[in-house]
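The values are calculated or read from the model by the stated rules, or taken from the named source; none is laboratory data. This is a predicted model, so every value here is computed, not measured. Cβ placement follows ideal geometry from the backbone for every residue including glycine, while neighbour counts extend to all protein chains displayed.
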Amino acid sequence: MSPIDNLYFEYTKVRNIDINKEQFIYILNLYPALLVVLSDGIVDGDEWKTVKKLATILGKEFATTDLGLEKEENLTLIYKSEFKYLLKSRTQWERKFLDTLKEYFTKNHSSKEFVLETMFLFANSSNGISIEEDKMIDSLTEELGLQNA
C-alpha cells in the first residue's frame, strides 16, 4: 500500500469519517495552509472565515460531482470539522501528513502549486502575512520541495 493509502486508512479510522480517498487528498493538500494559519499561535476570525469558505467550496465541488446536491451540506460540515480537528491536533498528525505529502508530490507534481497558493491565501486572509506565517511558508516550501511549483 502507498503512504497516502496508509494515511487515508489510519486517519479515517481514527476520525470515524466516511470520505473517499480523493476527498481526503484535498485535506492532505490543505494541511500546510492550516499549519500557516497556526504559525502565529492564533486562528483569528478572518483566517477561520477563509477555512470555512474553502470547506464550503470543497463540499459543493464533491457534492455535485460525486454525491448529489443533497449531500453538499453534510460534506461541507465534515471538511469544517476535520480542518478544526487538525488545527487542534497538530502534534498527532503533522509529521505523518508532511511525510505523506512529500511522497505524494513525487507522482503529483501539479499539486505543489495548489499547496503553495493556499498557504499564501490563508496567510493573507487577515492583515497580510505575519513574520511567523512567512517563516512557516518558507520552512514548508523548503521541506516539501515547493520552490519549483
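A few notes on this one:
- Only one of the numbered conditions (1) surrounded by 14 or more Cβ atoms within 10 Å (Cβ to Cβ); (2) within 17 Å of Glu47 (Cα to Cα); (3) hydrophobic (A, V, I, L, M, F, W, C) is not met by Phe114, and that is (2).
- Selection over region 95-111 of residues that are part of a helix (DSSP H, G or I) and either over 16 Å from Phe24 (Cα atoms) or under 11 Å from the mean Cα position of the chain (by Cα) (or both) gives a count of 6.
- Pairs are defined by a Cβ separation below 8 Å, a sequence spacing of at least 6 or placement on different chains, a first member in region 28-51 that is over 15 Å from Leu98 (Cα atoms), and a second member that is charged (D, E, K, R) and outside any helix (DSSP H, G or I); no pair meets this definition.
- Which numbered condition Ser125 misses (of (1) crowded, with 20+ Cβ neighbours inside 10 Å; (2) at pLDDT 95 or above): (2)
- One residue from Ile25, Ile19 being part of a helix (DSSP H, G or I) and more than 22 Å from Asp138 (Cα to Cα): Ile25
- Tally of residues being exposed (fewer than 15 other Cβ atoms within 10 Å of the Cβ), touching a helix residue (DSSP H, G or I) at 6+ places or on another chain (Cβ under 9 Å) and either of a type in the set (S, T, N, Q) or more than 20 Å from Lys21 (Cα to Cα) (or both) across region 91-111: 2
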